[in-house]
Each structure stands twice: as structure tokens, then as C-alpha cells.
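The values are calculated or read from the model by the stated rules, or taken from the named source; none is laboratory data. From a predicted model like this one, the values you see are computed outputs, not experimental measurements. For neighbour counting, all protein chains shown are included, and Cβ atoms are generated from backbone atoms with ideal geometry for every residue, glycine included.
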Amino acid sequence: MNGCDCLARTIYRFRFAAGVNMAEVNEALELALLAVESLRGASEVRLDAPRSGNDDLRAVAIDGSFGAGHEVVKVFVALCQREFGPSGFRIDRIVSCVKCVGVAAGNAA
């Protein structure tokens, strides 16, 4: 990206409509994690699928840069589409360069 040869990270940010119950969103995320853990193991999901959520912002972010993380994203999308419908949420894919982000933050890579 931008001519650099750094490790790119892909973060999927989900934002949920006002009518969506965030407790149900968190349950869907837990179910997605459990599904992928059953295939890949808990350690791999813990290492390769970092995620965070903010109920106040009605948002969940999942790092889909690696296999287990990308699988969590796919399962979570399917669960959200089934539970909340396509208008209940939106997904932004954010690609960033780890080395460039670190250098910009003052951390030499």
C-alpha cells in the first residue's frame, strides 16, 4: 500500500442501527467466536482474531488479517444478516500498514 512493503492489517468495523439490541450483537459475536474456536482451537482464535466493542458507539471491530480472524468476520456477518437484516448494520473495511502506523506513532519498526 502506498508503495511500502509493510504488513497490512485489515480491520472490519461493524456499526449497528439504533434499533439493534447491542446485547444481541455481543451474543452473536460470542457465537461466531465459539464456532471458529470449534474448528481452529481457542488459542488460534485468541491470537489471530483480536476484537473490541463499544456499546455506546454501537460498534464492533474485528481484525480479519489472519485466517481465524477472517473466519470470525464471515461467521459474524452471516449471524448479523440473519438476526438484524442487511439494514441493521454496516461494515467498513479498514486497511492499515503496521510498520507505517508504528513509525507514525513514534515506534521504530
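Some notes on this structure:
- Screening ASP55, ASP63 for residues that are in contact (Cβ under 8 Å) with a residue 40 or more places away in the chain and of a type in the set (D, E, K, R) leaves exactly one candidate, ASP63.
- One residue from PHE76, PHE14 being part of a helix (DSSP H, G or I), in contact with a helix residue (DSSP H, G or I) (Cβ under 8 Å, 6 or more places away or on another chain), at pLDDT 95 or above and among the aromatic types (Phe, Trp, Tyr): PHE76
- When GLU44, GLU37 are screened for being of a type in the set (Asp, Glu), surrounded by 12 or more Cβ atoms within 10 Å (Cβ to Cβ) and without any contact (Cβ under 8 Å) to a residue 12 or more places away in the chain, only GLU37 passes.
- Condition met for ALA68 (farther than 26 Å from ALA17 by Cα, in a helix (DSSP H, G or I) and not polar (S, T, N, Q)): yes
- Annotation: ALA23 fulfils all but one of (1) over 18 Å from ASP92 (Cβ atoms); (2) touching a residue at least 24 places away in the same chain (Cβ under 8 Å); (3) surrounded by fewer than 18 Cβ atoms within 10 Å (Cβ to Cβ); the unmet one is (2).
- Enumeration of residues in region 79-108 that are modelled with pLDDT under 90 and either surrounded by 11 or more Cβ atoms within 10 Å (Cβ to Cβ) or within 30 Å of LEU39 (Cβ to Cβ) (or both): SER96, CYS97, VAL98, LYS99, CYS100, VAL101, GLY102, VAL103
- The set of residues in region 51-65 being surrounded by fewer than 17 Cβ atoms within 10 Å (Cβ to Cβ) and of a type outside the set (Gly, Ala, Ser) consists of ASN54, ASP55, ASP56, LEU57, ARG58.
- Any pair with Cβ under 9 angstrom, 6 or more apart, that starts in region 84-109 at a residue that is part of a helix (DSSP H, G or I) and among the aliphatic types (A, V, I, L, M) and ends at one that is exposed (fewer than 14 other Cβ atoms within 10 Å of the Cβ) and at pLDDT below 65: VAL98/ALA109; VAL101/ASN107; VAL103/ALA109
- Residues (in contact with a helix residue (DSSP H, G or I) (Cβ under 9 Å, 6 or more places away or on another chain) and either polar (S, T, N, Q) or on the phi < 0 side of the Ramachandran plot (or both)) located in region 57-67: VAL60, ILE62, ASP63, GLY64, SER65, PHE66, GLY67
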